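I have placed the structure first, in the form of structure tokens, so that the comments after it can refer back to it.
The values are calculated or read from the model by the stated rules, or taken from the named source; none is laboratory data. Predicted, not measured: the structure shown is a model, and the values here were computed from it. Note that we place each Cβ from the backbone using ideal geometry, even for glycine, and neighbour counts take in every protein chain shown. Keep in mind that these areas ignore ligands, DNA and RNA; they rest on the heavy atoms of the full protein, side chains included. Shrake-Rupley method; radii C 1.70, N 1.55, O 1.52, S 1.80 Å.
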Amino acid sequence: MDTEDFIGSLDREGRTLAAAAEAAGADAKVPTCPGWQMRDLLRHTGAVHRWAASFVAEGHTSPRPMGDPPELDGDELLAWYRAGHRHLVDTLTSAPADAPAWTFLPAPGPSPLFFWARRQAHETAVHRYDAESALDGTPGPVPADFATDGIDELLRGFHARPRSRVRTGTPRVLRVRTSDTDAVWTVRLSPEPPVTTRDDAADAADADCELAGPAAQLYLALWNRRPLPDATGDASLAALWRENSAIG
């Protein structure tokens, strides 16, 4: 996927999130985010969108804090969210390909613009799923190629950072395999941060534990939105993921 693809996904996912929030109402509980109501989800995602847009729009090349969302609610909060999402999409669409901006993952991709388009597309897709989980029925699907990319970002980006808590006392190997896009990741666990490689021909026998399933299922499960698939091998590594993988 390229920058344009991610901006298109961000646009669609953000508009769908807003529609779900409007249908559910600000008081609706969000089952996938325990303790949150829809207003919390809108405030969080709207603040993230504005924070992300500021790096590209203003050319910031060092970190800066995220602003607090305004004390809005109901229709005003929804309008604030939609305005921030639109500003982010427009900012990324109009930015030059070589726009300077700070990034925060160890493998940001070919450019800061690519990084922010990709990161915000996945941020918004996961929170769209959260918003739709507050409605009756099943949340809409996540495309397999997009989900595969999101797994890669999570494993080789977020969990390559020193703050990852997915660690083991002795070296272990966790394998993640998509059944519909033929993607395989080898996650080497130790007392240090995980080291993940993309190994499309990896043998399941080489791993202590393997998690396998459709890309969309794994994407949402690894982001702790759905149960993990049944583990092959040492199920304690799956439990380790569930208990320690939350992104802070």
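Counting only heavy atoms of protein chains, what accessible area per residue, in Å², does region 89-150 have with a probe of 1.4 Å? Provide the component values of the computation, followed by the final result.
Numbers: 2350 Å² over 62 residues.
I get 38 Å² per residue for region 89-150.
Could you work out the relative contact order of the chain? I mean the mean sequence separation of Cα pairs under 8 Å and 6+ apart, divided by the number of residues, in percent. Show your work: numbers first, answer last.
Values: 414 pairs, mean separation 43.5, N = 248.
Value for the chain: 18 percent.
Got a number for carbon plus sulfur as a percent of the chain's accessible area, 1.4 Å probe? Mind dumping the intermediate values first?
Details: 5670 of 11180 Å².
Looking at the chain in its full context, I get 51 percent from C and S.
How big, on average over all directions, is the shadow cast by the Cα convex hull of region 125-188, in nm²?
Numbers: hull surface 23.0 nm².
Average projection, Cα convex hull of region 125-188: 5.8 nm².
Based only on Cα atoms, what Rg/Rh ratio does region 105-235 have, Rh being taken as Kirkwood's radius? The partial results should precede the final answer.
Working: Rg = 14.9 Å, Rh = 15.4 Å.
Looking at region 105-235, the ratio lands at 0.97.
Over the Cα atoms of region 5-132, what Rg and Dmax result, in angstrom?
14.3, 42
Of the beta bridges DSSP finds with both residues in the chain, what % are antiparallel, to the nearest 5? If you can, show how the numbers build up before the last one.
Details: 14 of 19 bridges.
Roughly 75 percent of the DSSP beta bridges within the chain come out antiparallel.
Which is the longest part of the chain that has none of the trypsin sites (Lys or Arg not before Pro) sitting in a DSSP loop with at most 15 other Cβ atoms within 10 Å?
On the way: sites that count: 163, 165, 167.
Counting at most 15 other Cβ atoms within 10 Å as exposed, the longest clean stretch of the chain is 1-162.
Report the far tail of the P(r) of the chain, meaning the percent of Cα-Cα pairs longer than 26 Å.
On the way: 12519 of 30628 pairs.
Roughly 41 percent, once rounded to a whole number.
Go ahead and estimate [θ] at 222 nm for the chain from helices alone: -39,500 (n - 2.57) per DSSP H run with n ≥ 4, summed, over the residue count, rounded to 500.
Working: 7 runs with 117 residues, N = 248.
So the helix-based figure for the chain works out to -16000 deg cm²/dmol.
Mind telling me which of 170, 16, 93 comes out most flexible in a GNM of the chain, alpha-carbon contacts under 10 Å?
Among 170, 16, 93, the largest mean-square fluctuation in the Gaussian network model of the chain belongs to 170.
What do the square roots of 5 times the Cα gyration tensor eigenvalues come to for region 68-155, in whole Å, largest first, as semi-axes of the equivalent ellipsoid? Display every interim value, and only then the final one.
Details: eigenvalues 125, 83, 24 Å².
Three semi-axes, in Å: 25, 20, 11.
Short version: ³J(HN,Hα) in whole Hz for each residue of region 91-101, in order, from phi by Karplus 6.51 cos²θ - 1.76 cosθ + 1.60 (θ = phi - 60°), x for Gly and Pro, what are they?
4, 5, 5, 8, 6, x, 4, 9, 4, x, 6
Calculate one ³J(HN,Hα) per residue across region 114-126 by plugging θ = phi - 60° into the Karplus curve 6.51 cos²θ - 1.76 cosθ + 1.60, and present them in order as whole Hz with x for glycine and proline.
With coefficients 6.51, -1.76 and 1.60, one gets 4, 4, 5, 5, 5, 4, 6, 5, 6, 3, 6, 5, 5 Hz.
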